[in-house]
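Student: Got a structure here, written out as structure tokens. Questions coming.
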Amino acid sequence: MKTVFDFAIVGGGIVGLSTGMALTRRFPSASILVLEKEAGWAAHQTGHNSGVIHSGIYYPPGSLKAKFAREGSRSMTSFCEEHGIEHDICGKVIVATTKDELALMDNLYRRGRQNRLDIEKIGPEALKEIEPHVNGLGAIRVPGAGIVDYRAVCRAFARIIEEGGGELRLGQEVRRITRGGGRVELVTQDAAYSARFLINCAGLFCDRVARMDDADPQLKIVPFRGEYYEIKPERRYLVKHLIYPVPNPAFPFLGVHYTRMIGGHVEAGPNAVLAFKREGYGKRDFNLRDMAEVLAYPGFWKLSAKYWREGLEEMVRSVSKVAFVKSLQRLIPEIRADDLTPAPAGVRAQALKPDGALVDDFHIIEGERSIHVCNAPSPAATASIEIGRHVAARVPAFWS
């Protein structure tokens, strides 16, 4: 007789695993299944991100991103301390390099204070004391920001699920979802699994999984590749903390920045260019279905019409190292092309509405005995423990 699980989670990234951990703790006697199509955990967005523990300064007060990033920064740090996971609360500076950016920086500072964050504005002299090689007219100092190895965090989440009796299945790509008799049937390439409740945490494919379950997320995932360089070891002294520019409020990405990483290396980037494949980490990676969906989607063309100048700049940075370095020199004038070597890219699952509007907040929808996490880009890794708790707390409305 086939086992019928209480919960089946699709997706073995940090959000899927944190949700499994939260369910294990909330429903200790429940049977939990996690399905991941790759051969290991955290293979995509989680494993390719910059490893930053964010503070929540960028996000509108009252949003899930603001709330979960603020609370998640604390819960992630506590989790790492409890489980011996290497991390470093190294702090961050968000730097204004022009007079126009000073006004934007003031607005960002007010937002951070509204989000109840421990931050301070500093002038150029104090900035030089913190980051001697950074050029800036002023900055916001965010002492609570840090770095961590999120792959190690995911391994700990998976271990907790297994210790709680959950079953973890790698190499299982969900290709079809059917329903009947109060159960959901998940069909993979070589097996079928039954569950009473479905939770979709499929990241770059969350919209497709939702539609397999006849849930309409009213959005499309459009993949954007973020390309990085790594600073050569002999030049790492140029970066002491996390160094970010004041972001362009009209553009959904944070701009190229410098990130210290667990292990001692320092990355510079990313840009943000359309990926021709949902898991397109290389410039030549291409998937016909993925691209056809993007090009047929009205929201993509409306977004492109709105941001074509910014998009063109990002594409130039993708093909021109000189242009990329020029952007980096706004923050650290001493950086040179010879200081940089290519580093692995990441892909962001950006949710886009049909009218071209970007989905700014985490987007979680409810289906028939199911929950679909349909937009969880950065700061989802920071917020993952809080997202998992939030999803688990919504289950009792449907659970019986």
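A short reminder: the numbers here are calculations on the coordinates, not readings from a lab. Only a predicted model underlies this, so the values are computations on that prediction, with no experimental measurement involved. Here the Cβ positions follow ideal geometry from the backbone for every residue, glycine too, while neighbour counts run over all protein chains shown.
Student: How about K240: which aspartates and glutamates have a C-alpha closer than 19 Å to its C-alpha, ignoring those fewer than 8 places off in the same chain?
Tutor: Reachable aspartates and glutamates: E86, D88, E120, E125, E129, E131, D149, E230, E267, E334, D339.
Student: What distance in nm separates the simple spin-label points at S78 and R116, each placed 7 Å from Cα in the Cβ direction?
Tutor: For the pair S78/R116, the computed spacing is 1.4 nm.
Student: Say we join alpha carbon atoms closer than 10 Å with springs in a Gaussian network model of the chain; which of A275, A139, A39 then has the biggest fluctuation?
Tutor: A39
Student: Among DSSP beta bridges whose residues both lie in the chain, state the antiparallel percentage, nearest 5. Don't skip to the end; give the middle numbers.
Tutor: Working: 47 of 67 bridges.
Antiparallel bridges: around 70 percent, rounded to the nearest 5.
Student: Another question, if that's okay. What length, rounded to one decimal in nm, is gained on full extension from R289 through to E129, with 0.36 nm per residue of separation minus their alpha-carbon distance?
Tutor: Result for the pair: 52.5 nm of gain on full extension.
Student: Residue by residue through the stretch 304-310, which ³J(HN,Hα) values in whole Hz follow from phi under the Karplus form 6.51 cos²θ - 1.76 cosθ + 1.60 (θ = phi - 60°), with glycine and proline marked x?
Tutor: 4, 5, 7, 10, 5, 5, 4
Student: Sort out for me the Cα centre separation of the stretch 373-389 from the stretch 27-92, rounded to whole Å.
Tutor: 7 Å
Student: Would you compute, from DSSP H runs of 4+ residues alone, the mean residue ellipticity of the chain at 222 nm, taking -39500 (n - 2.57) per run and dividing by the full residue count, rounded to the nearest 500?
Tutor: My calculation for the chain gives -10000 deg cm²/dmol from helical runs alone.
Student: Using 0.36 nm times the number of residues separating R211 and A337, minus their current alpha carbon distance, what extension gain do you get?
Tutor: Working: separation 126, 0.36 × 126 = 45.36 nm, distance 4.50 nm.
Contour length minus Cα-Cα distance gives 40.9 nm.
Student: Assuming 0.36 nm per residue, please report the length gained on full extension of the stretch D106 to E86 beyond their Cα-Cα distance.
Tutor: 3.9 nm
Student: If you don't mind, another one. Neighbour counts of other C-beta atoms within 10 Å: give me F253, F286 arranged from fewest to most.
Tutor: F286, F253
Student: Right, something else. When Rg is the radius of gyration of the Cα atoms in the chain and Rh is its Kirkwood radius, what does Rg/Rh come to?
Tutor: 0.97
Student: Now for a separate question. Could you please rank M291, M212, placing first whichever residue has the fewest other Cβ atoms within 10 Å of its Cβ?
Tutor: Listed from fewest to most nearby Cβ atoms, that is M291, M212.
Student: Let me ask another. What residue among E173, E38, E82 has the largest mean-square fluctuation in a Gaussian network model of the chain, using Cα springs under 10 Å?
Tutor: Maximum among the listed residues: E82.
Student: Here's another thing I want to ask about it. At what distance in angstrom do the alpha carbon centres of the stretch 138-189 and the stretch 100-127 lie from each other?
Tutor: 35 Å
Student: Exactly which trypsin sites (Lys or Arg not before Pro) in the stretch 1-95 are in a DSSP loop and have at most 12 other Cβ atoms within 10 Å?
Tutor: Qualifying residues, ordered by number: K2.
Student: Can you sort C201, C90 by how many other beta carbons sit within 10 Å, fewest first? Walk me through the numbers before you get to the answer.
Tutor: Values: C201 31, C90 16.
Lowest count first: C90, C201.
Student: Which residue fluctuates the most in the chain, going by a Gaussian network model with Cα springs under 10 Å, if the choices are L352, L254, L295?
Tutor: Result for the chain, Cα springs under 10 Å: L295 fluctuates most.
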